[in-house]
1. Along the charge dipole of region A:250-365, Cβ charges K/R +1 and D/E -1, which of A:Leu273, A:Ile357, A:Gly293 sits furthest on the positive end?
2. So what is Rg over Rh here for region B:37-243, counting just Cα atoms and using Kirkwood for Rh?
3. What does the charge dipole of region A:79-156 about its Cα centre add up to, to the nearest 20 debye, if the Cβ of each Lys and Arg holds +1 and the Cβ of each Asp and Glu holds -1?
4. Return the calculated 222 nm mean residue ellipticity for chain A, to the nearest 500 deg cm²/dmol, obtained by summing -39500 (n - 2.57) across DSSP H runs with n ≥ 4 and dividing by the residue count.
5. For region A:19-175, with only Lys/Arg (+1) and Asp/Glu (-1) charged at the beta-carbon, what is the dipole magnitude about the Cα centre, in debye rounded to 20?
6. Divide the volume of the convex hull of the Cα atoms of region A:182-238 by its number of residues and quote the answer in cubic angstrom per residue.
7. Could you work out the pair-distance distribution P(r) of region C:2-212 from its alpha-carbon pairs, with 5 angstrom bin width and percents rounded to whole numbers?
8. Along the charge dipole of the protein assembly as shown, which of C:Ser173, A:Cys38, B:Leu168 sits closest to the positive end, that is, farthest toward it, with unit charges on the beta carbon of Lys, Arg, Asp and Glu (+1, +1, -1, -1)?
Amino acid sequence: MIRLENVTKTFDSYMAVDNVSFEVPEGEICVLLGPSGCGKTTTMRMINRLTELSSGRILIGGRDIMEVGATELRRGIGYVIQQIGLFPNKTIEDNICTVPDLLGMDRKASRKRAHELLEMVALDPAVFAKRYPKQLSGGQQQRVGVIRALAADPPVLLMDEPFGAIDPINRAVIQDEFLKLQSALKKTVIFVSHDIDEAVKMASRIAIFKSGKLVQYDTPDNILAHPVDDFVADFVGGDRTLKRLQLVKVADAMQADPPRVLAETPVAEALALMQKHDHQSVVMTGPRGRARGLVRRAQLQGAQGMVGDHYERIPCTIQVDDTLRNAVSMMFSNDQTWLACVDQDGFYRGYLTQRGITHLLGATYRDA
Amino acid sequence: MMKGAHLANFSMQALRLAGYALIFLAGVWFHSSGALEAMGAYGEDIRYLTVQHLQLTAISGALAIVIGIPIGVLLARRSLGVLGPVVAQVVNLGTTIPTLAILALAMTVMGLGTPPAIFGLTVLTLLPIVLNTIAGIKSVPPALIDAARGMGMTAWQILWKVELPYALFVIFAGIRTALAINIGTVPLAFLIGGGGLGELIFTGIDLMEPGLLLAGAIPTAALAVAVDLIGAQAQYWLVPKGINPLR
Amino acid sequence: METLRFALENLPQIMDRTVEHVSLVGAAILIAIATGVPIGIAITQNATIAKRVLYVAAIIMTIPSIAFFGILIPILSPFGHGIGYLPALIALVFYSQLPIIRNTYTAIMNIDPALRDAARGMGMTALQRLWQVEIPMAMPVILNGVRNAVVLTIAIAAIATYIGAGGLGTFISRGISQTDSRQLITGAVAVSLLAIAADLFLLLLQRLLTSPGLRTRN
């Protein structure tokens, strides 16, 4: 969708961007990451020609950006900046409709779209449409900044540290909101950031820059697992393995198709099952497979009857689509080494152990 | 980028050339209009009236500073309640009154002569000084006064050691504005019998004699520009570095 | 009391002179806006030129108005307009330049660069940026400059009566030459009221023309 071929930018004799090439597939978020002055912002600004490139080519949807006029090109690309840049003399509604108005689109239709977009970021249009930017909080203003970029429905979005000026709590909320919007709208996004955590959270792909050069372009997990050099390793941080926890889903790390017992299973049979799997406990499910409880080997030793007479509550369960980060957090806060994994309907899908997690994260390094 | 710089460079050249051309034309015109001879012929008058002109400015200016700053300090006191802002608003309105009107009203009160001229000039010079003194004192951060009070300064010490030094730049800006208005109005003082270079200008207009007219107008203009330049230099050098945004 | 009677008896004449005064100032201000605002915008492109233009405008402003008239008379005499409306108009236009140019320049320079970047990034042309963003945002400050210019030109127009431009200054000049305090006070009060009224009117206009999003208080 967006392709950079040998893109270079020199200011006088200083090389700000040095022969950068990469491609962002349609519908993905590509985060340009690096310390300040590394060329990431210049690279982004060349895509909508706010900075003209010195050499190389940039293609959007197969079309060279130099084929269209700069203003026309920019109207087809959403643009969000850290300073937000809402026009204080215009109402929120008119701010959102800036590009549709520039394109001469039907006013009524674009205002209606503006109201829909406001609703999508949980701002009531009846309250906010006619307000002015200064009457909104910083977080609200940046939400408007984001939907302003979406108003003319451009396929491509450029975001220059869009959430950098917002306090950490609000930032997390607005990041989640954006990801939700993105999952519905599927824009191709170039996102400049200097925050590795933000990049890991937002990106489908991360491009790491260092003094004008692209040093690594890969998925977040690969960048965390296999940094190409010391610079990238340093930049992503000594705790990069912990950061990966956020990228891996419980479903990918759990032991699937686990042994299970029913309430009417005889105690002896349950003990045999645990012996066979070398487990200290086993989950008891309902007739259709919902996780109901837990029986421990020590408890059943010498007991009589059925499992249903001896079970206890499952100490901790986690959803299969949750992240490992939350799983680990839950283990620590509940002093457990073991979690039962269930799906949205409560069906028992597997179990997760600390050893299993360690093994999974370690595997990447052993393979490499 | 390059094109813009080039264009700017070009227009800079054009501007400079236009300036030279203007000076040249002014010289030609100046010579042909007979202004030069006239200024020679009225040399004695010009000298005498220039001194008178500057005296009017100096006396009224000094009076305005001496009276204006204390009034400003007084009006900035919080203890005055609403009276301060109300009087300040009236003073503000006063600055919109045309200078000729102020001189005319001074004449109706005091008649013709130098005293009403000085009175009128003092009043119209006073207003900007009062306004800027108020603004300057009001701009002192409350924390500064709090700190001064905490260190045991008396109200009088706070005024002299904290408020006035802090407000000095703004007060000086007011004095400059006031001085520019003053020197611009002095020629009108002639109308109410105050003398000064206005005498040559107004007589020149009445007699339709360009030489006489210019013999008054050119020194008047030069004097005004010179006084403003001196004022600017004084503001630059007299206001200490720590509170002078120009330095 | 006598003055009041004089003013009432000469009300039509006062009205005529006021109209004269206002039309002179109005014409000068319209010309000054039409020249000063574009100059103020143009000089934002180059700091050195801006500095010089503002310097020249400031020097013109310091020249006493009667001296300016005095210099204009010999220049315009060959064209038959040495005294009267034209030199007065020219002088007023010159005097209005500084407040209008300076305020336009300052206002546009003070616009947050991020806003310009946002406007450019969304695909506004330079002209669209000017009309939709820069001028609306600079409006309150530009209008403040116009206000200053109007108050200034009303005062100078009163002096222009001495070069035959008429206006409310006529009462003052006659009052002085005939030592007639009735005319003197009438003229002085009328021109003062005109200046104050114009000031207040423009303040109102400034409020109306400023986007509610830019007002400091709600």
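Values quoted throughout were computed directly from the atomic coordinates according to the rules given, and no laboratory measurement underlies them. Treat the numbers as computed from the prediction; the structure is a model and nothing was measured. Cβ placement follows ideal geometry from the backbone for every residue including glycine, while neighbour counts extend to all protein chains displayed.
1. With unit charges placed on the Cβ atoms, the residue in question is A:Leu273.
2. Looking at region B:37-243, the ratio lands at 1.08.
3. The dipole of region A:79-156 has a size of about 200 debye.
4. -10500 deg cm²/dmol
5. Roughly 480 debye, rounded to the nearest 20.
6. Expressed per residue, the convex hull around the Cα atoms of region A:182-238 is 84 Å³.
7. Histogram of Cα-Cα distances, whole percents per bin: 1, 7, 13, 16, 16, 14, 11, 8, 6, 4, 2, 1, 1, 0.
8. B:Leu168
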